[in-house]
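Written below as structure tokens is the structure these notes are about.
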Amino acid sequence: MVNCPMCDAVIDVDEEELDEGDSLTCEECGANLGVSGTSPLELTPEDDDDDDDDLDEDEDFDEDEDDEAEEEEEEEEDEWK
């Protein structure tokens, strides 16, 4: 038995079947945890930076779309002049 480092809930896992680098999820709080040590069993929160990067890319994409729309509006204004 080991506790979640995020919410302190007891995580029922077979410690002998886990290896360093394995991942698991806390059933209580949903935190993604990585096995950082096996003797004794140590769990650490895994970085979710990948998800954050995806959001940043989407935001950048939206900004590009806004820039394109502004350029099109400027071109239309120039055509009317």
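Just so it is clear, none of the values below were taken in a lab; they were calculated from the coordinates. Computed from a predicted model, the values in this text were never measured in an experiment. Note that each Cβ is placed from the backbone with ideal geometry, even for glycine, and that neighbours are counted across all protein chains shown.
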| said: Out of the residues in region 8-26 meeting the condition of being more than 18 Å from the chain's Cα centre (by Cα) and in a loop (DSSP other than H, G, I, E, B), tell me which one is surrounded by the fewest Cβ atoms within 10 Å (Cβ to Cβ). | reply: ASP14
| task | Considering each residue of region 27-48, count those that are surrounded by 14 or more Cβ atoms within 10 Å (Cβ to Cβ) and of a type in the set (Val, Ile, Thr), and give that number. | result | 2
